[in-house]
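What follows is one structure encoded as structure tokens, with my remarks underneath.
The values are calculated or read from the model by the stated rules, or taken from the named source; none is laboratory data. If you're wondering where the values come from, they're calculated on a predicted model, not measured in any experiment. A quick note on method: Cβ atoms are made from the backbone with ideal geometry, for glycine too, and the neighbour counts reach across all protein chains shown. Accessible surface is based on the protein model in full, side chains and every heavy atom, while ligands, DNA and RNA are left aside. Shrake-Rupley method; radii C 1.70, N 1.55, O 1.52, S 1.80 Å.
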Amino acid sequence: MLAFIMFDPLYFIILAPAMLLAIWAQMKVKGAFARASEIPARGMLTGAEAARRLLHSYGLQRIDIEQANGFLSDHYDPKAKVLRLSPDVYNGRSLASVGVAAHEAGHAIQDATGYGPLKLRNGIVPLAAIGGNLSMIMFMAGLFLSATFVGQGLIAAGIALFGLTVVFQLINLPVEFDASRRARQLLVANGIVAPQEDAEVGRVLNAAALTYVAATIGAILTLLYLLLRSGLLGGSNRN
Ligand SMILES: [Zn+2]
């Protein structure tokens, strides 16, 4: 059933800007990370050491920092209270490594200080994860039964459920921008990055933020597609 959407030209026409932005953002992240990986940070700390120092300044010794596999797979796990850093970031002493590590430390600090948007995001994660796929299945089933009352209900419910994914992406943006803002400010304040090195860290973190912007635009445009395809927006054009 999902194949229907994948071969729908309308889907590609509507989603094209978001897809192109996502590809461009990925290239920017890789380029900025590679470039900043060549520049050692003034403090000469590894990403793991930098994250440890920033967490320490907030009294967050209880948060573990682990090495995890994968390229740029770095994240903070709010359930386990663990920072998982990729090998390049964990061991590297470059502006790229300390920048990404500090961004993840920024999420741990958001968590510890009760930053509102993060709480909201963590609350909606399980719903959005289920809703993302289920909403599409409901929508497709609804289209096949669209002549019936049940079909119309499924379409509306599927679209409403997909709205959760859009809400999740929108809440995610301030969470990500705030973590990067904290990271840059703390890196300089703690002498890990020199003030004149901050712009290079900014390039890496801004490129990463752009991937989240692309994901958000993608979700909004998918919602627009569902509304158009269902005929709820722009009249009935089901075919
Ligand atoms: Zn983040």
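Overall, the accessible surface of region 150-193 at a probe of 1.4 angstrom is composed of carbon and sulfur to the extent of 72 percent.
Sequence-distant contacts, meaning Cα pairs under 8 Å at least 6 residues apart, place the relative contact order of the chain at 26 percent. Projection of the Cα convex hull of the chain, averaged over all directions and equal to a quarter of that hull's surface, yields 13.7 nm². Its Cα gyration tensor gives region 164-239 an equivalent ellipsoid; the semi-axes, largest first and in whole Å, are 40, 11, 6. Of the residues A101, N122, N91, the one whose Cα sits farthest towards the positive end of the charge dipole of region 79-135 is N122 (charges of +1 on Lys and Arg Cβ, -1 on Asp and Glu Cβ, taken about the Cα centre). Shown here for region 1-67: chymotrypsin sites (Phe, Trp or Tyr not before Pro) in loop regions (DSSP other than H, G, I, E, B) with at most 12 other Cβ atoms within 10 Å, namely F7.
Under the convention that each Lys and Arg Cβ holds +1 and each Asp and Glu Cβ holds -1, the size of the dipole of region 95-226 around its Cα centre is about 240 debye. In order along region 113-126, the Karplus-derived 3J(HN,Hα) couplings, from 6.51 cos²θ - 1.76 cosθ + 1.60 at θ = phi - 60°, round to 9, x, 4, x, x, 5, 4, 4, 4, 5, x, 8, 3, x Hz, and Gly and Pro are given as x.
At the listed q of 0.17 Å⁻¹, the Debye profile of region 1-84, built from one uniform point per Cα, gives log10 I(q)/I(0) equal to -0.88. If I model region 44-180 as equal point scatterers sitting on the Cα atoms and use the Debye formula, what is log10 I(q)/I(0) at q = 0.09, 0.12, 0.20 Å⁻¹? Debye output, listed in q order: -0.38, -0.58, -1.05. Which of the lysines could a cross-linker bridge to K119, judged by Cα under 24 Å and excluding same-chain residues fewer than eight apart? List returned: K79, K81.
Residues in the chain average 48 Å² of solvent-accessible surface per residue, probe 1.4 Å, ligands and nucleic acids excluded. Here is the list for region 11-106: trypsin sites (Lys or Arg not before Pro) lying in DSSP coil, each with at most 14 other C-beta atoms within 10 angstrom of its C-beta, are R62, K79, K81. Pairwise inverse Cα distances across region 105-239, averaged and inverted, put the Kirkwood hydrodynamic radius at 17.1 Å. The listed peptides 169-179, 103-113, ordered by packing as a protection proxy, come out as 103-113, 169-179 (highest mean of other Cβ atoms within 10 Å first). When only the Cβ of Lys, Arg, Asp and Glu is charged (+1, +1, -1, -1), the dipole of the chain relative to its Cα centre reaches about 200 debye.
Comparing L21, S73, G151 along the charge dipole axis of the chain, the residue lying farthest to the positive side is G151, per the Cβ-charge model. Given the C-alpha centroids of region 110-180 and region 39-106, what is the distance between them in whole angstrom? Between the Cα centre of region 110-180 and that of region 39-106, the gap is 30 Å. Loop-located chymotrypsin sites (Phe, Trp or Tyr not before Pro) in region 59-159 (DSSP state not H, G, I, E or B) with no more than 16 neighbouring Cβ atoms inside 10 Å: F71.
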